[in-house]
Every structure is written in structure tokens, then in C-alpha cells.
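Comments concern the structure below.
The values are calculated or read from the model by the stated rules, or taken from the named source; none is laboratory data. The shown structure was predicted, so the numbers you read here are calculated from the model rather than taken from an experiment. Glycine gets a Cβ as well: all are built from the backbone with ideal geometry, and neighbour counts include every protein chain shown.
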Amino acid sequence: MGSLRLSAWSSSAAARAFPSDWRGRPSRCAPSSPASAAPPALGRLQMGTDHAWQWDCRGGGLGGGGGRRDYAKEMEAAVRVVQVACTLCQRVQDSLLLADAGSGSVHSKLDRSPVTVADWGVQATVSWLLSDCFRDENVSIVAEEDDKTLSSSDGTALLESVVAAVNGCLVEAPKYGLRSPEKDLRAHDVLQAIRKCSSTGGPKGRFWVLDPVDGTLGFVRGDQYAIALALIEDGEVVLGVLGCPNYPMKKEWLNYHQRYYRLMSKVAPPTSGSWNKGCVMYAHKGCGQAWMQPLVHDFGMLNWHNSREIQVSSVSDPVSATFCEPVEKANSSHSFTAGLAHSVGLRNRPLRVYSMVKYAAIARGDAEIFMKFARSGYKEKIWDHAAGVVIIQEAGGVVTDAGGRPLDFSRGVYLEGLDRGIIACSGALLHRRILGAVDASWNSSTL
Ligand SMILES: Nc1ncnc2c1ncn2[C@@H]1O[C@H](COP(=O)(O)O)[C@@H](OP(=O)(O)O)[C@H]1O
Ligand SMILES: [Mg+2]
């Protein structure tokens, strides 16, 4: 069993100024603000240094009327934080895929799904960075992992790996326009950051929802996965950010990414820069727009000029439409969705993709439908959907349960009251057809 090679991560990359500039295309809800608003050069900043938050959403967004907030600071912080988290995940995934990394690097959760250094590392990193960005507020986070494994007597080596991964990324935070801690975090700090994510959500107040590595199975297989961060206020998702480090630039590659990856890894050992891939998508409620920016790669810096708007597909004819679903049939019934697809006239092969990258595919217009029908008794969790839902909606799509009702994020960590399954579509026409097909075939299904 090899352990993760983490020493190389503790990069001593010199802190550099972040030439932030939002003079991108004008829009109702866009990166904005003149160059004069650029933040100060960011090194290992001292606590208390001001940061010029620049996201703006005026005119048509929440900030435009009614006195509601525009979520400028939250949106910007969330995108930057997810970019950092993507870097951490890429490094862990590369390590896992190295020939000498053994299964000792992958651990098992109670439900026997895999968990790695990346899950805890992202949770600690995001928790630390959000708490730092909003240090005047009481930051509440709902997230999947707890610290039990790491705090146990067998968890010492694992905890060391997590601490190294977290520090290796936090030292580079200035490259993303965020602050690094003044000193490396110690094991105790990392555990505390993980423990801080103990909110259980609910109908009132504000909390962040984080899935540190969504689609862990895809992650350990070198395939698709996502980092999902959303902000919920009084039960409503107000913003969502999805980091998709392996999202290929060519949509065709989504379909056979894993096979392609394996083939490529035989030819050359995989590295994050092996091919042109990876993006972060984001949107906030009421904005009517969703955005995507490329991942910041090793020697790059976050640049808002690179953001571009994304929109759902305009295809409404089922014959040309493509539907996405989980790779694992344990997570969603492939036979039920095949029946639905047949009855509404979908002809393309299903696009089976791990994680919330399926939401990203709909938002980006690379597919038209996402369906998930879990086995009876399985309760969907809010962190598996919150960010994806708001991004699809703002990109022009529709997301509901199979009864046509909006997903309810106000009832704790589960999507309580979910009717049968989840259906996300690029447009209302396809959505109506799928709902009709579900009603017509549900009673004869074995779900
Ligand atoms: N039996 C089950 N039925 C439905 N969903 C499940 C499941 N077991 C796990 N999941 C959820 O499905 C997610 C993966 O989605 P997908 O199958 O689309 O890749 C998992 O996220 P994690 O990988 O973050 O645990 C988990 O939350
Ligand atoms: Mg998940």
C-alpha cells in the first residue's frame, strides 16, 4: 500500500498579487467594477486586511430592486474558494492514480462508499477560507464529513496527509485572491475546521452547504467528480458554485471519459494538465444568468476576464435530446429511465456521468435532461443538489421532483418530501413530457 505523496504539495510558491479586474462583457449580472477597485496585492495577508469584493449583480438581480442583497461578497468568495478546492482535489486524484498509490489511500464510509484525503482536505480548506472571508459573521456550514475517522487513534497518518494537503493549498490562496493563514495549520486547526461544518440546515437563517467531493466513486476511478458549494438563506438556495475539475472541453469526451483516461494513463502518467479540462460554474438566484470560468492551473492565476456565460440547450425535440443519469445503477434505476426515455421518444444513448457534473452538463447545454430515481427508502441530501439546481435554473432550465414540485432545501440535511425522483431539463416542454411519462409508468415500475 503506498501512501499519498503529499510532500510536494507544500509548495512555497511566493505569494503574488492578484490582478483582479472585472471589465468583462457588460451584463445584468456580471463581473463588474473598474480596475480602480482591484484588491490590494495579496501575500500572506495579515488578519484584518480589507479585501475589495467585486462581484456585482445590479439591475436585474437580487441587488436590483426591493432592497434585497446582491450577494456580491458571497458569490466572489465562493468561486475563489471552490477554485482552491479544485486544486486540492486534482492533486489528490493525481496521487491516487499514480501506479504506486495503493488502496490504503481510499477509505470506506459507513455506507461503504469511498472517502479520501480530498474529502476531509476540501472540507477543512473551504471551512477555513469561508470563516476567514466572513470573519465578522457566524459562518454555518452543512457538509458531509465529520472528524471521527481522523480523530481516532488509527487516523494519525491519515490526518497528517490531510493537514499537508490543506496547507499545500492554503499557502497558494493568494493566487486565487484569498488570504493564506499566517502560519501553516496544525492538526488541531484542521480538525476544528472540519468540525465547524456541523450545521444541520433548516428553514431559517443562512448556511453554506458543501459536498467536498461529490461522486467519490468517479473521483477514485480517475473520472468525473465535483466540488459543490451553495448558500441557503431561509430555506432557499441563493447561490451555487460547482467545481468540475475533469469536465472536458469537448462534450463528447464526457461519454467515454473514463475509458479515454485509462488509455491515456497507460501512455503517459496522468497529471492535472494532461489535457484541456476543468471549469467552475456559478450562478445566483434571480440573476437570470449563469457563468463558467476555467480552472486555474498550476502557474496561472484566477482571472475573471475568462468567465463566460453559459446557457441551457435550445433543443426541445426528444429525438435530438440527450439525458444524463448516474453511472451506478445502485444510485438510480437505469431500467426505469430507459422506459421513460423510450416513451418520450429519446433516441440518444444516455450520458452516464458521476456526480453533479450531470447538472453542469445541463447548464452548459451539453445535454438536455437529467433524471435520478433512487431506490425506495433512499433520502437525497441537500449537498448533492443545491448548487446544481440554482445553476441550471439561472442558465434557463427547470428542476423539480417527479411530481413537478421544487426541491425543498428548508428541512434539514435531507430533501424531505421529495416525490419519487429528480428531473432537471433544459426547457419546460421536455420537462412536462418526462413528468407525464413518469406518471404513466410509475405504478407498473418496481421502484
Ligand atoms: N443508494 C443511493 N441512491 C442514490 N444516491 C446515492 C446512493 N448512495 C449514494 N448516493 C449519492 O449519490 C452521489 C453520487 O452521485 P452519482 O451516482 O450521480 O455519481 C453520492 O455522492 P458522494 O459521492 O458525494 O457520496 C451520494 O450522495
Ligand atoms: Mg455527493
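At a glance:
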read-out: Some residue of the range 193-213 being within 23 Å of ARG91 (Cβ to Cβ), touching a helix residue (DSSP H, G or I) at 6+ places or on another chain (Cβ under 8 Å), within 16 Å of ligand 2 (Cβ to nearest atom) and among the charged types (D, E, K, R); value: yes
read-out: Subset tally (residues that are part of a loop (DSSP other than H, G, I, E, B) and within 16 Å of ligand 1 (Cβ to nearest atom)) for the range 108-165; value: 8
read-out: Any hit, the range 103-124, residues being touching a helix residue (DSSP H, G or I) at 6+ places or on another chain (Cβ under 8 Å) and closer than 25 Å to LYS204 by Cβ; value: yes
read-out: Exclusive hit being modelled with pLDDT of 95 or more, within 16 Å of ligand 2 (Cβ to nearest atom), in contact with a Gly (Cβ under 9 Å, 6 or more places away or on another chain) and within 21 Å of ASP211 (Cβ to Cβ), set ILE391, ILE362; value: ILE391
read-out: Flag for THR200 being touching a residue at least 60 places away in the same chain (Cβ under 8 Å) and polar (S, T, N, Q); value: yes
read-out: Candidate set: the range 214-254, residues that are of a type in the set (Asp, Glu) and within 15 Å of ligand 2 (Cβ to nearest atom); chosen: the one surrounded by the fewest Cβ atoms within 10 Å (Cβ to Cβ); value: ASP223
read-out: Number of positions in the range 357-375 that are in a loop (DSSP other than H, G, I, E, B) and either closer than 19 Å to GLY436 by Cβ or within 15 Å of ligand 1 (Cβ to nearest atom) (or both); value: 5
read-out: Count of the range 330-344 residues which are among the hydroxyl-bearing types (Ser, Thr, Tyr) and in a loop (DSSP other than H, G, I, E, B); value: 2
read-out: Any hit, the range 111-129, residues being touching a Cys at 6+ places or on another chain (Cβ under 6 Å) and either more than 16 Å from ligand 2 (Cβ to nearest atom) or among the charged types (D, E, K, R) (or both); value: yes
read-out: Identity of the residue in the range 371-385, more than 15 Å from LYS329 (Cα to Cα) and crowded, with 21+ Cβ neighbours inside 10 Å, that ends up nearest to ligand 2 (Cβ to nearest atom); value: ASP384
read-out: Residues that are surrounded by 20 or more Cβ atoms within 10 Å (Cβ to Cβ) and out of contact with any strand residue (DSSP E or B) (no Cβ under 8 Å at 6 or more places or on another chain), drawn from the range 146-158; value: ASP147, LEU150
read-out: Qualifying position, being in contact with a strand residue (DSSP E or B) (Cβ under 7 Å, 6 or more places away or on another chain) and crowded, with 22+ Cβ neighbours inside 10 Å, among ALA143, ALA173; value: ALA143
read-out: Counted residues, the range 294-306 - those being surrounded by fewer than 21 Cβ atoms within 10 Å (Cβ to Cβ) and either modelled with pLDDT of 95 or more or closer than 23 Å to GLY388 by Cβ (or both); value: 2
read-out: Residue list for the range 206-236, restricted to those being in contact with an Asp or Glu (Cβ under 7 Å, 6 or more places away or on another chain) and part of a loop (DSSP other than H, G, I, E, B); value: TYR225
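Residue-by-condition table, conditions (1) among the hydroxyl-bearing types (Ser, Thr, Tyr); (2) within 18 Å of the chain's Cα centre (by Cα); (3) farther than 24 Å from THR216 by Cβ; (4) part of a loop (DSSP other than H, G, I, E, B):
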| position | (1), (2), (3), (4) |
| --- | --- |
| GLY377 | no, no, no, yes |
| ALA387 | no, yes, no, no |
| ASP419 | no, no, yes, yes |
| SER445 | yes, no, yes, yes |
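Here is a yes/no grid of residues against (1) crowded, with 24+ Cβ neighbours inside 10 Å; (2) of a type in the set (Gly, Ala, Ser); (3) away from ligand 1 (no atom under 12 Å from the Cβ); (4) not assigned by TED's automatic domain parsing to the domain that holds PRO212:
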{"position": "ALA330", "(1), (2), (3), (4)": "no, yes, no, yes"}
{"position": "SER335", "(1), (2), (3), (4)": "no, yes, yes, yes"}
{"position": "VAL344", "(1), (2), (3), (4)": "no, no, yes, yes"}
{"position": "LEU351", "(1), (2), (3), (4)": "no, no, no, yes"}
{"position": "SER355", "(1), (2), (3), (4)": "yes, yes, no, yes"}
